[in-house]
Structures are given as structure tokens and as C-alpha cells.
Amino acid sequence: MHDETPKSRDRLVIVGGRSHPQLVTDICRYLEHPVGRARLRTFSDGAIEVMLEENVRGRDVFIVQSGQANPNDHLMELLFLVDASRRASARSVTAVLPYFPYGKGDKKDEPRVSIRARVVADALEVAGTGRVLTVDLHAGQLQGFFHVPVDNLYALPVMAGELERLVQAGELERPVIVAPDAGRAKLARDFMRRLGSVDAGVAIGDKVRPEHDERSEVTALLGDVAGRDAVLVDDIIFTGATLCNMAQVVMERGARSVRAMVTHGLLTGDAPARIGASPLVETIVTDTVPIPLSRGSDAGLSRVRTVSVAPLFAEAIRSIYQETSISRLFE
């Protein structure tokens, strides 16, 4: 733990919405700081009310809220918490978004569609957000939608540490890091470089989406996976269709085994069942969102393992409120 002055400790407030209370608790436990008190409730008509139950005047408020499962409700709750903090004369308000809602709506890819991520960015700023802290945005250029500072952390150090542990334990031999598409090729190379002297390789998949929805088809795999332990890397799992299709192709190309490492494990729809029926040995995700309760596929969820990014967010929060450099977390 770093040394802290009483002033900085007294000035800090960390409050969470209802999207992921466990992560809020874990962040505060790491910092040895109490969870901020807030009253949040939903009325019979679906309207949301929030109230901060402690004084935030002149204090630095960090509001932790993910955007999974019910992104509309979670987003509105976040906006109301930001507004309440600003109106209560908080010194600063930082929105901590472990999973950024509508992050895939980053461009106009069809006529007459909304750039939804830009709308979210505008709403956060109008509500009074002075800074945004997140991890592994689906597209890094989303930072340009904001006029306030955005810290987009990387889950890579956390995941790479787990990958190194698997190599040292002998569970991975001659690993090959597989990107599901060209957009994740750099991520795959970054994973490979983290392994240093290990005989690691990289392969890149090619996929197409025949329709503008969550379905995709794997059309090619570039790179040698034969006789290797393959690790698929990506930023988000929704239904798991792309991931499981790619895992099947990798095994058909002669891989010794296949597992996945993904930052945001939303696991929507029949994802647990799909993972259970796939060749994936395990799927490692972070706790940016809570793992959903079983939906009829305990076999699938039993192959999903979580590693925590709470220490990563805690250190980022520490650096922001102590006004020290956050760049060390990107190394």
C-alpha cells in the first residue's frame, strides 16, 4: 500500500450503482476504504431514484457502474448519481465504467443509425462527469467522443499474468495466441510479447457478419496452430458464437487444446450452453461484469473462470485522487 495523507483519505468517496456491487466492495477492500452510502430504488413504474447518504461537498467522488444486462437502467442510474454528486458540490466526479455501455455503437455502419456510444458520452458530460475511467473499450477511438479526460485501462497485464502462470504450471506448451479477427491482431501480438522467451506464436482468424447482428461466420485462419495449445483473446463475449466457432476451427486445424481469455464476459442468451458444448477447456474472463446465474448449463458456466481487475481499478482511483501519474498502469 502507498502512503496516503489524511486529507486525501478524507476527500475520497467511492460509491456504486446496482450493476455490480461486489466489484465496488472489492475495490474499496483493496484500498481499505469504506463504500460510500447511497439510497437507490426503483418505483413501480420503473422510474429510478438515487440519493447520496453522506456529505460529498468538496470531495472527490468516484461512481462505479457497469453497463451489462440492463444497460438502460444502469446508465440512467449512473447519470442520476453523477447529477446528485454535482448538485451536492462535489469537488470532482469520476464515472468508473468497468464495462462501457453501448461501446459497440461506435460508428455509423448503416444509413440512418445512431452512433450510440457518442450519445452516452454526451449524456455523461452533460450530467456533470469530469473524468471517465474504464477498461478495454471495444474501440479505443471512443475516447475521442469525450471532451473530458478518459483513462482506458488495459486488462492485458492481469490476463497475461494468468497466462504466464499457466505456462509455468505446464498447462500450456508452445502456446499460440489466436485473434478472432484482424482487429484483435495487435492484442494477440501483445500477449505473445508478454510471454518473452516462451516458444509462442500468433494466428489470426477472419470472420464475416452476414447480417448486422451478433451472428458471425469464420471464413479462414491464418497461422499454424497444429500441435499447440491455443488461446483465443478478445474483449467481449456476448452469445459466445464467434468464440465457439473459432475454437472449433482451431481444433479442426490440429490444435492440442483451446481456451479463451476475454475481458468482458457478458455471456448473454445461450452462451453458457454454447460454451459447454464447445471444445473450450476453459474461458477466463475478468470481473468487469458479474457472471450471470446458471441458465440451464452448469457445464458451460463451470468452464468459466474469473480473474479480478479490482486491484487495477483501485490503483487507478488512488492515482487520480492523489493526483499522481496513472501511466504506470499501462506498462
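The values are calculated or read from the model by the stated rules, or taken from the named source; none is laboratory data. Predicted, not measured: the structure shown is a model, and the values here were computed from it. Note that each Cβ is placed from the backbone with ideal geometry, even for glycine, and that neighbours are counted across all protein chains shown.
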Of residues in the stretch 22-56 being in contact with a Pro (Cβ under 9 Å, 6 or more places away or on another chain) and closer than 25 Å to Asn70 by Cα, the one surrounded by the most Cβ atoms within 10 Å (Cβ to Cβ): Ile27
One residue from Gly254, Gly296 being modelled with pLDDT of 95 or more, at positive phi and more than 16 Å from the chain's Cα centre (by Cα): Gly254
Selection status of Val178, closer than 14 Å to Val262 by Cα and in contact with a Gly (Cβ under 7 Å, 6 or more places away or on another chain): yes
Candidates Ile63, Ile115, Ile14, Ile27, filtered to the one that is among the hydrophobic types (A, V, I, L, M, F, W, C) and over 30 Å from Glu323 (Cβ atoms): Ile115
Matching entry among Asp106, Asp151 (being surrounded by 17 or more Cβ atoms within 10 Å (Cβ to Cβ) and more than 19 Å from Phe62 (Cα to Cα)): Asp106
Only one of Asp151, Asp136, Asp181 that is farther than 22 Å from Val309 by Cβ and acidic (Asp, Glu): Asp181
Within the stretch 208-240, tally of residues that are outside any loop (DSSP other than H, G, I, E, B) and at pLDDT below 90: 5
Test: residue in the stretch 302-311 that is in contact with a helix residue (DSSP H, G or I) (Cβ under 6 Å, 6 or more places away or on another chain), of a type outside the set (Val, Ile, Thr) and modelled with pLDDT of 95 or more: yes
Subset of the stretch 66-107 (residues that are more than 23 Å from the chain's Cα centre (by Cα) and assigned to a loop (DSSP other than H, G, I, E, B)): Ala88, Ser89, Arg91
Output for the stretch 116-131, where each listed residue is within 23 Å of Ile237 (Cα to Cα) and in contact (Cβ under 8 Å) with a residue 24 or more places away in the chain: Ala117, Arg118, Val120, Ala121
Qualifying position, being within 16 Å of Arg303 (Cα to Cα), in the same structural domain as Leu172 (by TED's automatic domain parsing) and not polar (S, T, N, Q), among Val250, Val262: Val262
